[in-house]
Amino acid sequence: MIVGAVLAVFAAATVAVIAVMTSALLAFAGLALRARRARARRTAGDGVIEARHLGGHHWVAYGWNERR
């Protein structure tokens, strides 16, 4: 009976640790998404040019010669 009680406590502790790690992972994911959205809003329209890959080593860039 003592062995069963020890195993039950061990299993409960394992579940608690997994729950804490999962909540930390979700919190970090939420912070990362919030930072990504904030950066996307901040960098929109800040002079970034558009480039298209035509194949091989050929690229064409648009917007680099436009004045603001």
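Where a number appears in this text, it was derived from the coordinates with a stated rule and is not lab data. Quick caveat, the model's predicted, so the values are computed rather than measured. Note: ideal-geometry Cβ built from the backbone for every residue, glycine included; neighbour counts use all protein chains shown.
Using the Cα centre as the reference, give the magnitude of the dipole from point charges on the C-beta atoms of segment 2-62 (Lys, Arg: +1; Asp, Glu: -1; all else neutral), rounded to the nearest 20 debye. Let's see the in-between values first.
Numbers: 7 positive and 2 negative charges, 53 e Å.
It works out to roughly 260 debye.
Separation between the residue 13 and residue 52 pseudo-spin-labels, each 7 Å from Cα along Cα→Cβ, expressed in nm?
6.2 nm
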